[in-house]
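Before we start, here is the structure in question, set down as structure tokens.
The values are calculated or read from the model by the stated rules, or taken from the named source; none is laboratory data. Just so you know, these numbers come straight off a predicted model, no measurement behind them. Neighbour counts are summed over all protein chains in view; Cβ atoms, including those assigned to glycine, are modelled from backbone coordinates with ideal geometry.
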Amino acid sequence: MEKFPKYLLTGYADFKKNGYEKQSEKYHELADEGQKPETLIISCCDSRATPEVIFNTKVGELFVVRNVANLVPIYAPDEGQHGTSAAIEFAILALKIKNIVVMGHGRCGGIQAALTKDFAPLEKGDFISKWIDMIKPLAKKVLLETDKSATERQTSLEHKSVINSLENLRTFPYIKELEGAGKLNLYGAWFDIKFGDLKILDKEGGFTTA
């Protein structure tokens, strides 16, 4: 226990006193009856873009899946281990989620890595490069946008990646079926860390400030 980060224990003590106690009945309900969130948010694991904070939600309101660069792989029912796909499957088929939001964010390290031609692996397993390979074709197109600055190109790929993840979600048969039947809604969003602005993907494929 003495090696556990002190600031986490301090934060927990504050939560138990001021957070849990005020919502204890809700926690009891969730424990006894199970969770019933209506919205799945697929976001980046970046510590600066926390969905529960950005949307100011209460316990039990969001089912959140976080990974590097908020990517969604295509539907691939093989023998591999697919953490994001497993979470999506559980959210839609077990929890009966009604909304899916793919939320990108500004200054994303994963997106920056995809745009870096000579990205140096952090270790021999190079999991990051393998993961972001799914948006490399998009990154190559964005790098051709030479009329834009490096920052503008990164924002462009952050937006395009959200759209790509939404397209990949629709390769999941049950998602395509439920959306077609009007029982599931898919949305795209992008959060500006510096200014706190949230932009929503519109029908024309652009992002409009909420």
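Within the range 128-160, track down each residue that is of a type in the set (Gly, Ala, Ser) and closer than 18 Å to residue 83 by Cβ.
129
For residue 20, state whether it is under 25 Å from the mean Cα position of the chain (by Cα), farther than 26 Å from residue 105 by Cα and outside the structural domain of residue 94 (by TED's automatic domain parsing).
In short, no.
For residue 203, all conditions in the list (1) under 19 Å from the mean Cα position of the chain (by Cα); (2) modelled with pLDDT under 95 hold save one; what is the number of the exception?
Condition (1) is where residue 203 drops out.
Here's something else I'd like to know. I'd like to check something: does the range 196-206 contain any residue that is touching an Asp or Glu at 6+ places or on another chain (Cβ under 7 Å), outside any helix (DSSP H, G or I) and under 23 Å from residue 92 (Cα atoms)?
So in the range 196-206, the residues touching an Asp or Glu at 6+ places or on another chain (Cβ under 7 Å) come out as none.
No, the range 196-206 contains no residue that is touching an Asp or Glu at 6+ places or on another chain (Cβ under 7 Å), outside any helix (DSSP H, G or I) and under 23 Å from residue 92 (Cα atoms).
Table: residues versus (1) surrounded by 12 or more Cβ atoms within 10 Å (Cβ to Cβ); (2) modelled with pLDDT under 95.
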site: 106; (1), (2): yes, no
site: 111; (1), (2): yes, no
site: 118; (1), (2): no, yes
site: 148; (1), (2): yes, no
site: 151; (1), (2): no, no
site: 164; (1), (2): yes, no
site: 187; (1), (2): yes, no
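Return the residues of the range 1-35 that are surrounded by fewer than 10 Cβ atoms within 10 Å (Cβ to Cβ) and either touching a residue at least 12 places away in the same chain (Cβ under 8 Å) or closer than 20 Å to residue 95 by Cβ (or both); say none if nothing qualifies.
Passing the criteria: 31, 32, 33.
Which condition does residue 46 not pass, out of (1) in a helix (DSSP H, G or I); (2) in the same structural domain as residue 194 (by TED's automatic domain parsing); (3) acidic (Asp, Glu), if it passes all the others?
Evaluating residue 46 over (1) in a helix (DSSP H, G or I); (2) in the same structural domain as residue 194 (by TED's automatic domain parsing); (3) acidic (Asp, Glu) leaves (1) as the failure.
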